[in-house]
Amino acid sequence: MNTEADPKHHYLQAARALRSRLPARHAWIEALRERASARFDATGFPTVRDEAWKYTNLASLVRQPFHAVPDASPPTREQLERLLPNAFDAFRLVFLNGHYRPELSFPPRIDGRDFALPLAAALDSDAEALEPNLGRVASVDHHPLAALNTAFLADGAYIHLPDNLTLDRPIHLIYFATAEALAQPRTLIVAGPNSRATVVEQYVGIDESRYFTNAVTEVVLERGARLEHYRLQTESRLGFHVNGLHVRQRENSEFTSQAIDLGGLLVRNDLYALLDAPGASCRLNGLYVADGRQHVDNHTYVSHAKPRCTSREFYKGVLDGRGRAVFNGRVVVQPDAQHTDAEQINRNLLLSEDAEIDTKPELEIYADDVKCSHGATVGQLDLDQLFYLRSRGVDDAQARDLLTFAFANDVLRRFRSAPLRAMLEHAITTRLLRGRNLRELELI
């Protein structure tokens, strides 16, 4: 078969080569990889003919075959430290092109027990504990890129929070990618009943190089568990980034997603939350910034499957240059999900005439006793606000910067972690304020 004529063939060959090198210890893992490969073989990469991908064309991605390069040079400690916000006291697991780097990591351990470790080690030591959840939350049947990731299932992070555990420090997962690499990191988070934790997933390129990161994260929250999950995407401006976050929640569990997209040439994020027991709740907050020729696509899907569940969704986008974004937020209220309370908001700020946003918030309601709302706005900087600032001696450029930062900061102020909030404020002001900092604008 010709790889150029059928781009999926290159990746299927690479997946088969990987499986031939891995020890065949567990039949269920082998079956999962094989089923995922067969599914990707049947579907291939999504195209604009697929409804969910009609605004995101992967042609530039599939034209170039990427390769697994686990032996690439790791980041230096100086590069690593530059990523970490001041006063950010956290456990840390570092991965290079999807593979664990122990010399750069500081995993959590309590009473001699590791409850955050590389997925490869967990599959070797306690695969039976992973079987009920790994590959069960992210469906390979409905998500082609999740199928591709599962076909390469080998390493990533496994976090298992024991019942009633409250972590006093976040777990920081850092996924580096290098030039020409195909990175397929897999993360599985299982939060036991009444556990509490914060997990930060950060995706970054070591230099301004072209590569393909295809990440999948599965989250299972048991009864009463609470998880605050941060996804910080600061990939190379030439990198391709596809991310699937799949969440299943039990009774009275609480999930908060804080998602920031600043990097990448072509970015696609899929977030699926299943509220699968009474009293479950989720909050999904996101900020995406795109300029130049960046393309950022966010698809969210919240399924209210049981009664008395709550969801809140708040996404904002700032687009400049020829930047383009897509937001498709879908909330489905199933017939048994009476007393659902759901709200969805998407707001977008266009800073240039060539910037573009396609936004589509959706509600599907099959129950009759619910409280649901949704809405979207697209606009430019408010001329009255600009006039007000100019009339008080603020020059035009500074006034625009002040209003742009205020628009974006509406998402950042929802962050509970002050060090993370400060780090993202710096990154966003660097992007939005042309290198000027907050003190130069006399904001602090």
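Miscellaneous remarks
- Verdict on GLY286 being assigned to a strand (DSSP E or B), under 23 Å from VAL333 (Cβ atoms) and at pLDDT 95 or above: yes
- Looking only at region 103-120, and only at residues there that are open to solvent by 40 Å² or more (accessible area, probe 1.4 Å) and not aromatic (Phe, Trp, Tyr), the one that is nearest to LEU61 (Cα to Cα): GLU103
- Scanning region 22-34 for residues that are open to solvent by 40 Å² or more (accessible area, probe 1.4 Å) and of a type in the set (Lys, Arg) turns up just one, ARG25.
- Picking from residues in region 406-425 that are part of a helix (DSSP H, G or I) and small (Gly, Ala, Ser), the one that is surrounded by the most Cβ atoms within 10 Å (Cβ to Cβ) is ALA408.
- Flag if THR359 is open to solvent by 30 Å² or more (accessible area, probe 1.4 Å), on the phi < 0 side of the Ramachandran plot and within 22 Å of the chain's Cα centre (by Cα): yes
The rows are residues; the columns are (1) open to solvent by 30 Å² or more (accessible area, probe 1.4 Å); (2) touching a helix residue (DSSP H, G or I) at 6+ places or on another chain (Cβ under 8 Å); (3) hydrophobic (A, V, I, L, M, F, W, C).
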{"residue": "ASP6", "(1), (2), (3)": "yes, no, no"}
{"residue": "SER20", "(1), (2), (3)": "yes, no, no"}
{"residue": "ALA36", "(1), (2), (3)": "no, yes, yes"}
{"residue": "THR47", "(1), (2), (3)": "yes, yes, no"}
{"residue": "ASN57", "(1), (2), (3)": "yes, no, no"}
{"residue": "GLU78", "(1), (2), (3)": "yes, no, no"}
{"residue": "PHE91", "(1), (2), (3)": "no, no, yes"}
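- In region 178-206, the residues that are part of a strand (DSSP E or B) and closer than 19 Å to ARG136 by Cα: ARG186, THR187, LEU188, ILE189, VAL190, ALA191
- Within region 204-217, not a single residue is surrounded by fewer than 23 Cβ atoms within 10 Å (Cβ to Cβ), hydroxyl-bearing (Ser, Thr, Tyr) and closer than 15 Å to GLN294 by Cβ.
- Here the helices (runs of 4 or more DSSP H) wholly within region 18-116 that include at least 3 residues being basic (Lys, Arg) are 27-43.
Here is a yes/no grid of residues against (1) surrounded by fewer than 24 Cβ atoms within 10 Å (Cβ to Cβ); (2) charged (D, E, K, R); (3) touching a residue at least 60 places away in the same chain (Cβ under 8 Å); (4) farther than 30 Å from ARG19 by Cβ:
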| residue | (1), (2), (3), (4) |
| --- | --- |
| LEU182 | yes, no, yes, no |
| PRO185 | no, no, yes, no |
| LEU188 | yes, no, yes, no |
| ARG226 | yes, yes, no, yes |
| ARG237 | yes, yes, no, yes |
| GLY244 | yes, no, yes, no |
| ASP261 | no, yes, no, yes |
| ARG268 | no, yes, yes, no |
| ALA273 | no, no, no, yes |
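- Residue within region 382-399 that is touching a residue at least 40 places away in the same chain (Cβ under 8 Å) and not in a loop (DSSP other than H, G, I, E, B) present: yes
- Considering region 373-405, and only residues there that are surrounded by fewer than 13 Cβ atoms within 10 Å (Cβ to Cβ) and touching a Lys or Arg at 6+ places or on another chain (Cβ under 7 Å), the residue that is farthest from LYS306 (Cα to Cα) turns out to be ASP396.
- Only one of the listed residues (VAL318, VAL370, VAL333) is touching a strand residue (DSSP E or B) at 6+ places or on another chain (Cβ under 8 Å), open to solvent by less than 20 Å² (accessible area, probe 1.4 Å), more than 23 Å from VAL296 (Cα to Cα) and modelled with pLDDT of 95 or more. That residue is VAL333.
- Filter pass, ALA342 being in a loop (DSSP other than H, G, I, E, B), open to solvent by less than 40 Å² (accessible area, probe 1.4 Å) and closer than 25 Å to LYS306 by Cβ: no
Residue by residue, here is whether (1) in a strand (DSSP E or B); (2) touching a residue at least 40 places away in the same chain (Cβ under 8 Å) holds:
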site: SER125; (1), (2): no, no
site: GLY135; (1), (2): no, yes
site: ALA138; (1), (2): no, yes
site: LEU148; (1), (2): no, yes
site: HIS172; (1), (2): yes, yes
site: TYR175; (1), (2): yes, yes
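- Taking each residue of region 413-434 that is free of Cβ contacts under 8 Å to residues at least 12 places away in the same chain and looking for partners that are surrounded by 16 or more Cβ atoms within 10 Å (Cβ to Cβ) with beta-carbon atoms closer than 8 Å, six or more apart or interchain, yields ARG413/ARG421; ARG421/LEU412; ARG421/PHE415.
The values are calculated or read from the model by the stated rules, or taken from the named source; none is laboratory data. The model shown is predicted, which means the values in this text are computed figures rather than measured ones. Note: ideal-geometry Cβ built from the backbone for every residue, glycine included; neighbour counts use all protein chains shown. Note: accessible area is taken over every heavy atom of the protein model, side chains too, but ligands, DNA and RNA are not part of it. Shrake-Rupley method; radii C 1.70, N 1.55, O 1.52, S 1.80 Å.
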